[in-house]
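Notes follow the structure.
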Amino acid sequence: MTLGGRPDRERDDEYETYGSDRMNSTPQFEHESFARRHRGGMLLERHGIDLYPHPFLGFTLAPGLRSDMLNTDDAGFRLSDSPYGTVDSASWLASGGGGILLGNSVALALAASSDSTTVASYLAGLTGVRQLNLGLCAAVSLQELVAAVPFLEKASTVVIIGGGPDFVNLVGSLTPDNLYGTVSYERTFDDLTQVPLFDLAVLAAGKTVPDLDAVRRPRTTTPAWDLAQVRERMAVAAARRLRDLRVLAKAVPAGARVLLCLQPLASTRTRDITPEERARYDFDAPVFGILHSAIEENWKAYADVLAAGCAELGVSFLDLAADRFVGDSFADTVHLTDAGNRQGAELIQAALGGGGGTAAVPPPRVAAEPAPVVAAAPVADAAPAGADDDRTAQLAAVVTEILELEPGQLTPDGDFINDYGADSMLVIDILARIEVDMGVRIPDADIPKMTSLAAVVALVEENANETEAVA
C-alpha cells in the first residue's frame, strides 16, 4: 500500500506521526482523497476498522464487530450500555423500545474508549431509558432517516447529533443537484456506479469481466465549482436536513420528543484548546482539506439557519458548540473524548427537559482570538540554475499521480478534464498538493485556470514569486 505515491516505509512513518501519536489530519489531500488513503479517517485506520457497503444505508461498520473499544450488533450498529444491560437493535425492539440516537460518527462516538463511554450510554444512565445507538460513519440526514425507520414506532425520544456531512458534502459535491442529495465519499460511490452491479460482484470475487470497458458507464461531465458557492450550498444543505427532519418528526409516536443537535466543530478559533488536546491533535489542521476555512467561517450561520428551521417545525434544537465543552473534550476537530461524550449527554438531557441527576449546562466560554496568518515559506531563498525545470518535473509528477496517468501520458498542453477525464475535485487535489509540497499558495479564484500542466506551471511561477516577495 502506498500513500501519495510513496513507499510503505514512508507511509508508515507518516502514520506514526499523524495517526498513532497526534491523530492529525494532513492537508496534503482533499477530504475524500485523504479518506481513501486512511480507510475513511484516521480514527478508523488507527483501530483497524473498515467501512462496508450496506444496501440501504450506504455503508456501515462491520456487523458483529468485536474489540475492546467498539462492538457492533448484527446490523452494524454500535452497542451501548444502560441500567438494564447491553443495548442492541434486536434487544431494544424486544424490550419495547426507548430512546434513539441518530447521526454520524460523533453520535457513533468513534473516539470513545469503550461502548460504555458513548453519548448513548451516558444518556441512558441519565434518563434511565435504553438508548439505541444508530450512529453511522459520515451519515447525511437521509441516511439517518433510513436507519431510524424500523425503530421509530417504539421511540420515546429521538436525538440527532449531526449536520457536518450534509454541509461538507454539498459544498464540495460534484453533483449538488442530485435528486437524493450528496453522500460522503461521493467520488468513491461514483466509481462503483460506473460498473453494472453483477459485474461488480464478479470483480469482488477476484475474477475478470470480459470487455469491462464496453459496459462501463461513462463519467458525467460536471460543472466547474468554486468557493463562491459556499453560502448558497450551505443553505441548500440546511434545507435538505430540515426536509428530512420534518418527515422524521411526523413519523414518531405522539408525545415522543425530537431533538436536533448540531455537532461541534473544534479549532483554535472556536474554543480554548487544552494542553491535553493539543498533545493529541493539531487543531489548526484543515480536516476538510481546501474547504475547511469556508466550512468554519460559515458554521455559525449554518447553526442559525437550522435553529430557525427547527423553530418552524416545532422541533427542539441544540447547538453543541465547541466552546460549551470544558476540559479535555475533543479527540480531534469533530470527535469527542469520553469526557466530551459525557458532557454532550448532559447537555442533551438538559435540552430534553431532564431533571434530577443532570449536571448544569456550562455557559459558553469566550473563544480564543484567531491565530495570526503566517505567510507560507518560499520554495528557496534563491532559485539555482535549473530550478524552473525541477519545478516543472515536480509538478508533472504530482499531476500524473493525482490523475492516475501512465508514465509519459501527460503532455504540457493536455487538458485535465477533456483529455484525461479529471473532475474539479481532482484539480483541487492538485492545488492542495502544490501548497503543501512546494509552499506555494495559488488563490482559489485561479482554480478555473488550472486546465493543463503548462497552465499550472505558469500559476506556480507567478505565485511563487509573490510568496518570495512577501517573505
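A few points about this structure:
- Selection of first residues in the range 142-153 that are among the charged types (D, E, K, R) and of second residues that are at pLDDT 95 or above, restricted to Cβ pairs under 6 Å at least 6 apart or on distinct chains, gives the following pairs, ordered by first then second residue: E144/L102.
- Evaluation of S316 against (1) under 26 Å from the mean Cα position of the chain (by Cα); (2) at pLDDT below 95; (3) among the hydroxyl-bearing types (S, T, Y) (one fails), failing number: (2)
- Restricting attention to the range 165-188, the residues being polar (S, T, N, Q), assigned to a loop (DSSP other than H, G, I, E, B) and within 11 Å of the chain's Cα centre (by Cα) number 1.
- Whenever a residue of the range 266-277 is within 8 Å of F330 (Cβ to Cβ), its partners that are of a type in the set (D, E, K, R) and surrounded by 20 or more Cβ atoms within 10 Å (Cβ to Cβ), lying with C-beta atoms within less than 8 angstrom and at least six residues away or across chains, give the pairs A266/E277; A266/D332.
- Condition check for A228: of a type in the set (A, V, I, L, M), surrounded by fewer than 22 Cβ atoms within 10 Å (Cβ to Cβ) and free of Cβ contacts under 8 Å to residues at least 12 places away in the same chain: yes
- Scanning the range 83-140 for residues that are β-branched (V, I, T), under 26 Å from the mean Cα position of the chain (by Cα) and buried (at least 24 other Cβ atoms within 10 Å of the Cβ) yields I100, V106, T118, V119, V140.
- Some residue of the range 165-175 being of a type in the set (A, V, I, L, M) and over 30 Å from A351 (Cα atoms): yes
- Residues of the range 148-164 classified as part of a loop (DSSP other than H, G, I, E, B) and crowded, with 24+ Cβ neighbours inside 10 Å, total: 1
- Count of the range 66-100 residues which are closer than 16 Å to E153 by Cα and in a loop (DSSP other than H, G, I, E, B): 3
- R278 charged (D, E, K, R) and crowded, with 16+ Cβ neighbours inside 10 Å: no
- When the range 189-212 is limited to residues that are in a helix (DSSP H, G or I) and among the charged types (D, E, K, R), the one that is farthest from M234 (Cα to Cα) turns out to be D199.
- Count of residues meeting criterion [farther than 17 Å from Q394 by Cβ and either modelled with pLDDT under 75 or assigned by TED's automatic domain parsing to the domain that holds L291 (or both)] in the range 427-450: 3
The values are calculated or read from the model by the stated rules, or taken from the named source; none is laboratory data. Here the structure is a predicted model, which is why all the values come from computation and not from measurement. Note that we place each Cβ from the backbone using ideal geometry, even for glycine, and neighbour counts take in every protein chain shown.
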